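The values are calculated or read from the model by the stated rules, or taken from the named source; none is laboratory data. Computed from a prediction, not measured in an experiment: that's the story for all the values here. Virtual Cβ from ideal backbone geometry, glycine too; neighbours counted across all protein chains shown.
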Amino acid sequence: MVNLLKKPARMAGIVFATTALVAAQGGFAGAATAGPPQGASQPGQPGTNNRPQTRFAQPGTVNYIEGQVKLDGHSVTQRDIGSAVVSPGDFLGTANGKAEMLLTPGVFMRLGPNSSVRMVSPSLSDTRVELVQGQGMMEVAAFEKENHIQVTVGGSATTVEAAGIYEFTTNPPMVRVFGGKVAAEFNDRTNNVYKGEEVALDAANPKLKTQGFNVKKTELTDDLYAWSKLRADYTAQANMSSAETYAGYGQGWGYGPGFYGAGWYWDPYFDEYAFLMADGFMWDPFGFGFFSPGYWGAYGSYLAGAQELFHIRGSDRVIPSRRECGSGDVELT
């Protein structure tokens, strides 16, 4: 048996890929052919017909914290999640804690313990932060050609050039690429760094010579990577919840009220912002599925058939939310 609570978003992606293919071939036997899945909400908040109260996040928004976190010297509490914003020149820091900050839509900056980051520029087309102390990890789930995303460590600036997972440290100053590509700069020299490579960002490495590292082994031993992966799972679940909220059902499917394109949308069920794509479906760098409301609206009607196919117990939805599951497990048998 597979515990869905451990990898719900990953399993949802697999199920959706399967249902999309089956849908194109005529659908599951006995599955509905139009409208929302049984028990799903109409456009508006789940379970109601009300127009959703849309809230958007701007780059620099604090989306999650654990332990001791401060914004410009002031403590950040759970009540501040979603409203605290790291403005240009502000510092977000941790003591015995961790924090997640949103950048451009689909880009997350996460801090390990005893770390600090300064917001340089929160612009959508010019997004720059400085890691002042400690350890930071950036997940770039969505990357557009118009993006300019840069992380400064000491006297070096590193520019993100693709979706991926990137780790930065100040002691020693270094960037490590778990997946994707960056261009590291130091003293007027630039070098590309690819998956499985790391580069020291200081005077001891003036030519920016890269060296390899064992990605799989490091994934198992790096605490910030493990925490970031868990956060990626939860943000993918929030995406599914919000995609259902803003999906348009019925004739034409498409998008429901309150959806204005790709961006950060507040999800009241996960108490955090969720990234919603403008259209389609994608895998994030950690391997979790993300959906647009239109994709959810178009293929959500086949979830009942998928439920029968995979014999999922305890919910009318293929992947129930954490609130629905409570403390119990939902399993595939």
Check: Going through the stretch 68-119 one residue at a time, which ones are within 20 Å of His148 (Cβ to Cβ), surrounded by fewer than 19 Cβ atoms within 10 Å (Cβ to Cβ) and in contact with a Ser or Thr (Cβ under 7 Å, 6 or more places away or on another chain)?
Finding: Pro88
Check: Out of all the residues in the stretch 204-229, which are in a helix (DSSP H, G or I), surrounded by 11 or more Cβ atoms within 10 Å (Cβ to Cβ) and out of contact with any Gly (no Cβ under 6 Å at 6 or more places or on another chain)?
Finding: Thr218, Glu219, Asp223, Tyr225, Ala226, Trp227, Ser228, Lys229
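Quick one: which of Glu167, Glu244, Glu198, Glu219 is in contact (Cβ under 8 Å) with a residue 12 or more places away in the chain and under 23 Å from Val62 (Cβ atoms)?
Working: Glu244 fails: under 23 Å from Val62 (Cβ atoms); Glu198 fails: under 23 Å from Val62 (Cβ atoms); Glu219 fails: under 23 Å from Val62 (Cβ atoms).
Just one listed residue meets the conditions, Glu167.
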Checklist line | Unique residue being within 17 Å of Asp271 (Cα to Cα), of a type in the set (Ser, Thr, Tyr) and touching a Leu at 6+ places or on another chain (Cβ under 8 Å) when the list is Thr94, Thr152, Thr61 | finding: Thr61
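Among Gly67, Gly82, which is the only one that is of a type outside the set (Val, Ile, Thr), part of a strand (DSSP E or B) and farther than 23 Å from Phe178 by Cα? Give the derivation first.
Details: Gly82 fails: part of a strand (DSSP E or B).
Matching residue, one of Gly67, Gly82: Gly67.
Would you say Glu144 is outside the structural domain of Asp284 (by TED's automatic domain parsing), without any contact (Cβ under 8 Å) to a residue 60 or more places away in the chain, on the phi < 0 side of the Ramachandran plot and within 16 Å of the chain's Cα centre (by Cα)? First the steps, then the outcome.
On the way: outside the structural domain of Asp284 (by TED's automatic domain parsing): yes; without any contact (Cβ under 8 Å) to a residue 60 or more places away in the chain: yes; on the phi < 0 side of the Ramachandran plot: yes; within 16 Å of the chain's Cα centre (by Cα): yes.
Considered against the rule, which asks whether it is outside the structural domain of Asp284 (by TED's automatic domain parsing), without any contact (Cβ under 8 Å) to a residue 60 or more places away in the chain, on the phi < 0 side of the Ramachandran plot and within 16 Å of the chain's Cα centre (by Cα), Glu144 comes out as yes.
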Check: Taking into account only those residues within the stretch 175-203 that are among the hydrophobic types (A, V, I, L, M, F, W, C) and surrounded by fewer than 21 Cβ atoms within 10 Å (Cβ to Cβ), which is farthest from the chain's Cα centre (by Cα)?
Finding: Ala203
Item checked: Single residue of the stretch 264-299 satisfying the filter (outside any loop (DSSP other than H, G, I, E, B) and small (Gly, Ala, Ser)) that is surrounded by the fewest Cβ atoms within 10 Å (Cβ to Cβ) -> Ala298
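Taking the condition within 29 Å of Ala84 (Cα to Cα), modelled with pLDDT of 90 or more, outside the structural domain of Arg79 (by TED's automatic domain parsing) and among the aromatic types (Phe, Trp, Tyr), does Tyr265 pass? Let's see the steps before the verdict.
Values: within 29 Å of Ala84 (Cα to Cα): yes; modelled with pLDDT of 90 or more: yes; outside the structural domain of Arg79 (by TED's automatic domain parsing): yes; among the aromatic types (Phe, Trp, Tyr): yes.
Here the answer is yes, as Tyr265 does meet what is asked.
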